[in-house]
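Right, one structure below, let's go through it.
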Amino acid sequence: MLDQGGYKAIEALYHTLIQESDTILDLMCGSNSHMPSDVTYKNLIGIDLNPQALKENSALTRKITQDINDKPELPLKDNSVDYICLCCVIEYLRHPFTTLEECLRILKPRGRIIISFSSQLLPLRATALWQALDNADRQKLIKVFLTRIGFVEADQGEVHPPEDQTVWKDSIYSVVARKP
């Protein structure tokens, strides 16, 4: 659901933080992982409820079909992942606290979680709480969830499109936190 500018903003964030050799989980990845196109990641795991979307996602090195809303337990070992990416999906989680606890469990010590969302959403799918908040409060909510679960160094940022852009209209908001 990201426009071209939003996609590039997420791609730039991932390019800045994630190394080619890192083990990455793209949670609820869909058919596109938003990873930089100039990098081939050696261990990019995708989890999504749609097997066809996983099949179309050529960046993934491992594909797992699972509906996180029905079964939030992640089928990965403790301390096995360097980065977890949730791009434009946090607003659709019915059990965000449980899902984020699972993320903490599978992250390696000092591993990071990157949660990004745009100024757009699908109102019929987004939770009522998410829809009741503005974007700044959504970032605060994510930070509260992460710090209560045990993440540290939760930083937030945002990127807004220049007014003269025609292909970029969606603002992008992110929260990045680390497992101790």
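Nothing in this text is a laboratory measurement; each read-out follows from the coordinates by a stated rule. Predicted model only: the values in this text are computed from it and were never measured. Note: ideal-geometry Cβ built from the backbone for every residue, glycine included; neighbour counts use all protein chains shown.
As a calculated quantity, the FRET efficiency between Glu20 and Asp67 at R0 = 30 Å, using C-beta atoms, amounts to about 0.50. Taking other C-beta atoms within 10 angstrom as a stand-in for reagent exposure, Leu93, Leu124, Leu27 fall in the order Leu124, Leu93, Leu27, fewest first. Put a dot 7 Å past the Cα of Arg125, heading toward its Cβ, do the same for Leu141, and the two dots end up 1.7 nm apart.
A quarter of the convex hull surface defined by the alpha-carbon atoms of region 1-138 gives 8.1 nm² as the mean projection.
Residues Ser37, Ser174, Ser80, ranked from the fewest to the most other C-beta atoms within 10 Å, line up as Ser37, Ser80, Ser174.
For the chain, the relative contact order works out to 22 percent when only alpha carbon pairs closer than 8 Å and six or more residues apart are counted.
When Ser171, Ser118 are sorted by how many other C-beta atoms sit within 10 angstrom of their C-beta, beginning with the fewest, the order is Ser171, Ser118. Checking the Cα-Cα distances for Lys8/Lys71; Lys8/Lys169; Lys42/Lys169; Lys108/Lys143 against a 23 Å cut-off, the pairs over it are Lys8/Lys71; Lys42/Lys169. The alpha-carbon atoms of region 61-147, seen along their principal axes, cover 35, 27, 22 angstrom, with the largest extent given first.
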